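Input: a single structure, listed below in structure tokens.
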Amino acid sequence: VTENRSDLEDLHLYATPREQRFRRFASLEFEGQLYMTPYDFIQAVTSDEPKRTKKWRSLSKQELNQILMETPPVWKGSSKLFRNLNEKGVISYTEYLFLLCILTKPHAGFRIAFNMFDTDGNEMVDKKEFLVLQEIFRKKNEKRERKGDEEKRAMLRLQLYGYHPSTNSVVKTEGEDLVPRSYWDTLRRSTSQALFSDLAERADDISSSLSDTTLLVHFFGKKGKAELNFEDFYRFMDNLQTEVLEIEFLSYSNGMNTISEEDFAHILLRYTNVENTSSYLENLRCTIPEEKGITFDEFRSFFQFLNNLEDFTIAMQMYNFASRSIGQDEFKRAVYVATGVKLSPHLVNTVFKIFDVDRDDQLSYKEFIGIMKDRLNRGFR
């Protein structure tokens, strides 16, 4: 059974870029709400376009229950969870935003995330506390909705959230909220006890109007009564980051233990605002003529550094390098001091050769930070 898109296709005109991407990669529909499979999610964060053109397939209640019955508990998670689940899972739009947040956060931020959900401070997160996420992200989304046909926007909200939200504002509107903020910042700024208690009162209503998902069953069990501790939460977030990096690395390694420096540059420059990558790649070919290769450990360490980019930026400003170029030793030291990540000399040299367009063995700090911030947010800054 397929859902005919024709009468809903123009909804993309009222959608944000993130919503458009979710709708493009999602492949399932249940009771009017769209869902991604784990496979869809992996495709959405590692590919420019879906690998196959597909219509939304309508799930029956029986099919959904069967999928959820086969969902493993959180203590059985691994860095192959999404690949193992493949098409046997459902991920809502709100969870898609949450998973995107995880991909760009440093390990130190995992504790902050957990504490934000743990509203009663008992070192455990239950399903009701986690569902507050639905309201916070929905409220942020409403603030940035495009103006237009109210009926179309209501259809879009129903498609993404599965229910018609109430018109009562829960998240306080402040003047500063007019400044665009990331979903992570919204989550962090919206988690005062007063706000959470307000939202928590409505969590039962939210829960009753929403279907269970793979993530909810994975975290809180088939009956929704289990609680999530920090160790399992940390492991889930770390596994997800590792899994996406493994998929990106393996897509270029062809079974080898390394990828080429040029392939590393391709991955690094994807989802950035760099329109002409050929000059960067040509620069790399000329300055590193003999291929040595980048290992997965080196690859992973660089993206762990990127997830700490804000701390690195502060460190660089304290070093007063912000207005001038920097050398490899200065760069390597600043990375370690700010993030605790040790980058190999070969990896640092490769990064310099990619971005050192005038070949003076100095890195333009401002240009590098700007491009890497765009890469970190996968083109959705």
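When all alpha-carbon pairs of the range 254-376 are counted, what percent fall beyond 16 Å?
Every Cα pair in the range 254-376 considered, those over 16 Å come to 60 percent.
The range 278-292 to the range 10-79: how many Å between their Cα centroids?
The two parts, judged by their Cα centres, are 38 Å apart.
Whose amide H sits under 5 Å from the amide H of S211, counting only residues 5 or more places off or on another chain, with H placed in the peptide plane?
none
Taking only protein heavy atoms into account and a 1.4 Å probe, give the accessible area per residue of the range 254-376 in Å². Could the numbers behind the result be given before it?
Numbers: 5980 Å² over 123 residues.
Each residue of the range 254-376 exposes 49 Å² on average to a 1.4 Å probe.
What residues have an amide H closer than 5 Å to that of M124, excluding those fewer than 5 places away on the same chain, when H is modeled at 1.01 Å from N in the peptide plane?
none
By per-residue mean of other Cβ atoms within 10 Å, what is the highest-first order of 100-111, 68-79?
Going by the mean number of other Cβ atoms within 10 Å, highest first, we get 100-111, 68-79.
Provide the per-residue ³J(HN,Hα) series for the range 74-81, in order, calculated from phi with Karplus coefficients 6.51, -1.76, 1.60 and θ = phi - 60°, each as a whole number of Hz, with x at glycine and proline positions.
Karplus values, whole Hz, x for Gly and Pro: 4, 6, 9, x, 7, 7, 10, 4.
About its Cα centre, what dipole magnitude does the range 254-376 give when the only charges are +1 on Lys and Arg Cβ and -1 on Asp and Glu Cβ, stated in debye to the nearest 20?
Approximately 300 debye in magnitude.
Using θ = phi - 60° and the Karplus curve 6.51 cos²θ - 1.76 cosθ + 1.60, what whole-Hz ³J(HN,Hα) does each residue of the range 283-294 get, with Gly and Pro shown as x?
With the stated coefficients, the range 283-294 comes to 4, 5, 4, 6, 9, 10, x, 9, 6, 9, x, 10 Hz.
Whole-Hz ³J(HN,Hα) for each residue in the range 328-345, computed from phi via Karplus 6.51 cos²θ - 1.76 cosθ + 1.60 with θ = phi - 60°, x for glycine and proline: what do you get?
Working through the residues one at a time gives 5, 5, 5, 4, 4, 5, 4, 4, 5, 4, 7, 10, x, 8, 9, 8, 5, x Hz.
Taking amide hydrogens as modeled 1.01 Å from N in the peptide plane, which residues meet the under 5 Å criterion relative to L28, leaving out close sequence neighbours?
Y35, T37, R57
Roughly speaking, to the nearest percent, how much of the range 254-376's 1.4 Å accessible area is carbon and sulfur?
46 percent
Taking 0.36 nm per residue of separation and subtracting the Cα-Cα distance, what length does fully extending E87 through D361 add?
Full-extension gain reported as 94.0 nm.
The values are calculated or read from the model by the stated rules, or taken from the named source; none is laboratory data. Worth saying up front: this structure is predicted, and the values here are computed from it rather than measured. We place every Cβ from the backbone using ideal geometry, glycine too, and count neighbours over all the protein chains shown. When the accessible area is computed, the model is the full protein with side chains, heavy atoms only, and any ligands, DNA or RNA have been set aside. Shrake-Rupley method; radii C 1.70, N 1.55, O 1.52, S 1.80 Å.
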